Amino acid sequence: MWRRSFDTPPPPCELDSEYWPGNDNKYAHVPESDVPRSECLKDTIDRTLPYWDGAIVPALKRGKTVLIAAHGNSIRGMVKALDGIGDSEIVGLEIPTGVPLLYHLDADLKPLKDPRSFGLLSGAFLGDPEEIKAAQEKVAAQTKVEDTSVESEEEGKKRILEEARGV
């Protein structure tokens, strides 16, 4: 439910949870208050766009070619900003794992439409179109769950929050 929401994060992860990134040694140098306990796409954008502006934009303005390897949500946030994709549209955009996405930018760092692009994107996925489509479907399938309940969406959110809090 939360993966496909733009601005509704999942319940916060408990600090003693095996899933909280702060318990991983590779984040030992990051202050606990800076390690998110929960994050939606809007939060990801708020966290990553300052890096885009502070590190990537200056490199591009110096004429550098920049390669970005990142989580799908970080990439969705960047292409949302680059292509001006709306909040309600971005939630349906599938960024397939491990498939390069190529953007060409003009002198003002606005995307140039690649002839191979489709849908909401100006950039183009590189690779066999059928393999890309299959990879996008695989990403989309990660959120599919069988709905066997009769509870409303609001009741489901409340139940899940209570379960996460141990109520």
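Couple of notes before you dig in:
- For segment 36-51, a tally of residues being part of a loop (DSSP other than H, G, I, E, B) and either farther than 26 Å from Asp16 by Cα or touching a Leu at 6+ places or on another chain (Cβ under 9 Å) (or both) returns 1.
- The residues listed here are Gly54, Gly22; of these, the one that is surrounded by 15 or more Cβ atoms within 10 Å (Cβ to Cβ) and either touching an Asp or Glu at 6+ places or on another chain (Cβ under 6 Å) or not in a loop (DSSP other than H, G, I, E, B) (or both) is Gly22.
- When residues in segment 133-151 are screened for being at pLDDT 70 or above, loosely packed, with under 13 Cβ neighbours inside 10 Å and over 23 Å from Ser38 (Cα atoms), 3 of them pass.
- Residues that are assigned to a helix (DSSP H, G or I) and more than 30 Å from Gly84 (Cβ to Cβ), drawn from segment 25-35: Asn25, Lys26, Tyr27, Glu32, Ser33
- Any chance Glu130 is in a helix (DSSP H, G or I), in contact with a Leu (Cβ under 7 Å, 6 or more places away or on another chain), over 30 Å from Leu15 (Cβ atoms) and modelled with pLDDT of 75 or more: no
The values are calculated or read from the model by the stated rules, or taken from the named source; none is laboratory data. None of the values given here were measured: they were computed from a predicted structure. As a convention, Cβ positions derive from the backbone with ideal geometry for all residues, glycine included, and neighbour counts pool all protein chains shown.
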